[in-house]
Amino acid sequence: MTPSRDISRLIEIMAQLRTPVTGCPWDIEQNFATIAPYTIEEAYEVADAIARSDFEDLKDELGDLLLQVVYHARMAEEQNAFAFGDVVEAITKKLIRRHPHVFADKDGNIASAGVKSAWERIKAEEKAERAARRPPNETSPSSLLSTVKAGQPALTRAMELQRKASSVGFDWNDPRAVLNKIREEADEIEAALDRGDSDELASETGDLMFALVNLARHVGADPEMALRHANTKFDRRFGYIERALASQGRAPEAATLEEMDALWDEAKANETPSSSRPSER
């Protein structure tokens, strides 16, 4: 087996890895549920490579993500559900249907505003068709929020749920009102701490995070990217602490919290304005 630019080779390799007895024991024992976390992780790795403008890394990460698609398709084929070709056919059919201004001669070219309305109309039609294919007992009443996909990251889904509710007027008009809600949620966490109820603390923490996403939406910030930037800042500043201590022949474990806090403040003070702002890439 040799590397190839042909997708069929990747499909063949995946089939061989999943072949009983002669394949890879780890790959053979996996199922949709055990592979799903890797699929999500690889999508994040793609986003990270894009944020860093690392195209060599992006090439590799896109390959890892493509492997996830091939992996799921192979497991489905083993269950006689569908194969990789069916996945390709489904997405090409969807793209053609959702772009009548490009692929259907009868419609011709339309303005960008018309493209969006056509896209929403066609997606609604597709949703209705999927609902019609489900057994009667699986069909639930239509809801404004039912179009928000449950499988996406929690931060993204919180943003989308809030946007949908806002479209019918269920929203605050002032970011300061959201800030008041954040303070209210923080007070509820403090009360839960006094009671020592771990379940209540988890619930109240979730409410606080939901409110923070709402604030991000109101001030025009993407919560996922804002948190990524905060992670980068923490990583950078803690690295400064480690390097400063290492120059003294010490490890963080040997330093006091007060010493590390002082070094943290030094790291923060030494940052340039550009390093303290979210990247616009």
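Quick one: what are the phi-derived ³J(HN,Hα) couplings along region 85-99, Karplus 6.51/-1.76/1.60 with θ = phi - 60°, whole Hz, x for glycine and proline?
x, 5, 5, 5, 4, 5, 6, 5, 4, 5, 5, 5, 5, 7, 10
Using the eigenvalues of the Cα gyration tensor, what equivalent ellipsoid semi-axes result for the chain when each is taken as the square root of five times the eigenvalue, whole Å, largest first? Intermediate values should be presented prior to the final figure.
Numbers: eigenvalues 323, 192, 98 Å².
In descending order the semi-axes read 40, 31, 22 Å.
Pop out the ³J(HN,Hα) list for region 255-261 in order, Karplus 6.51 cos²θ - 1.76 cosθ + 1.60 with θ = phi - 60°, rounded to Hz; leave Gly and Pro as x.
These are the phi-based 3J(HN,Hα) values: 9, 7, 4, 4, 5, 5, 4 Hz.
Can you tell me the 0 to 90 degree angle between the C-alpha axis of helix 175-195 and the longest principal axis of the chain, rounded to 10?
Helix 175-195 sits roughly 70 degrees off the main axis of the chain.
If I model a spin label as a point 7 Å beyond the Cα along the Cα-Cβ vector, how far apart are those points for Gln79 and Arg183 in nm?
Output for this residue pair reads 5.1 nm.
State log₁₀ I(q)/I(0) for region 125-281 at q = 0.16, 0.19 Å⁻¹ as given by the Debye formula over alpha-carbon point scatterers of equal weight, solvent excluded.
Reported log10 I(q)/I(0), two decimals: -1.11, -1.22.
Any idea what log10 I(q)/I(0) is at q = 0.23, 0.25 Å⁻¹ for region 50-100, Debye with uniform C-alpha scatterers and no solvent?
For region 50-100 at q = 0.23, 0.25 Å⁻¹, log10 I(q)/I(0) is -0.84, -0.87.
For the chain, with a Gaussian network of springs between Cα atoms less than 10 Å apart, report the residue from Ala246, Ala150, Ala165 with the top mean-square fluctuation.
Result for the chain, Cα springs under 10 Å: Ala246 fluctuates most.
Mind grabbing the accessible area of Met225 for me, 1.4 Å probe, Å², rounded to tens?
Approximately 80 Å² for this residue.
Treat every Asp and Glu Cβ in the chain as -1 and every Lys and Arg Cβ as +1, leave all other atoms uncharged, and give the resulting dipole magnitude about the Cα centre to the nearest 20 debye.
Values: 36 positive and 51 negative charges, 316 e Å.
Using Cβ point charges on Lys, Arg, Asp and Glu, the chain gives about 1520 debye.
How far is the Cα center of region 1-77 from the Cα center of region 167-226, in Å?
About 37 Å separates the Cα centre of region 1-77 from the one of region 167-226.
Just the number, please: Stokes-Einstein D of region 164-217 in µm²/s, Kirkwood Rh from C-alpha pairs, 10 °C, 1.306 mPa s.
Values: Rh = 11.8 Å.
Approximately 134 µm²/s, per Stokes-Einstein.
Rounded to the nearest 10 degrees, what's the angle between the helix 223-246 long axis and the longest principal axis of the chain, both from Cα atoms, 0 to 90?
For 223-246 against the chain, the angle is about 50 degrees.
Based on the Cβ-Cβ distance from Ala246 to Ser53, what FRET efficiency comes out when R0 is 35 Å, to the nearest 0.05?
Details: r = 30 Å, r/R0 = 0.85.
It comes to 0.70.
Looking at the P(r) of region 123-217, how many percent of alpha-carbon pairs lie beyond 21 Å? List each step's numbers first, then the result.
Values: 2207 of 4465 pairs.
Summing the P(r) tail past 21 Å for region 123-217 gives 49 percent.
Could you point to the residue in Leu215, Ile50, Leu227 farthest towards the positive end of the chain's charge dipole, with +1 and -1 charges on the Cβ of Lys/Arg and Asp/Glu respectively?
Ile50
So what is the diffusion coefficient of region 154-195 in µm² per second by Stokes-Einstein at 20 °C and 1.002 mPa s, using a Kirkwood Rh over Cα pairs?
On the way: Rh = 11.9 Å.
Diffusion coefficient, whole number: 180 µm²/s.
Can you report the principal axis dimensions of region 187-235 using only the alpha carbons, biggest first, rounded to whole angstrom?
For region 187-235, the Cα spread along each principal axis is 34, 27, 15 Å.
What base-10 log of the normalised intensity I(q)/I(0) is obtained for region 13-110 from the Debye formula, alpha carbons as equal point scatterers, at q = 0.14, 0.19 Å⁻¹?
-0.71, -0.99
Heavy atoms only, probe 1.4 angstrom, no DNA, RNA or ligands counted: give me Val46, Val21, Val168 ranked by accessible area, highest first.
So the residues, ranked largest to smallest area, are Val21, Val168, Val46.
Apply the Karplus curve 6.51 cos²θ - 1.76 cosθ + 1.60, θ = phi - 60°, to the phi angles in region 36-45 and return the couplings in whole Hz, x for Gly and Pro.
Values, residue by residue: 3, x, 5, 4, 5, 4, 5, 4, 5, 5 Hz.
The values are calculated or read from the model by the stated rules, or taken from the named source; none is laboratory data. Keep in mind that this is a model prediction, so the values were computed, not measured. Positions of Cβ are backbone-derived with ideal geometry, glycine not excepted, and every protein chain shown enters the neighbour counts. We work out accessible area using only protein heavy atoms, side chains counted, and drop any ligands, DNA or RNA first. Shrake-Rupley method; radii C 1.70, N 1.55, O 1.52, S 1.80 Å.
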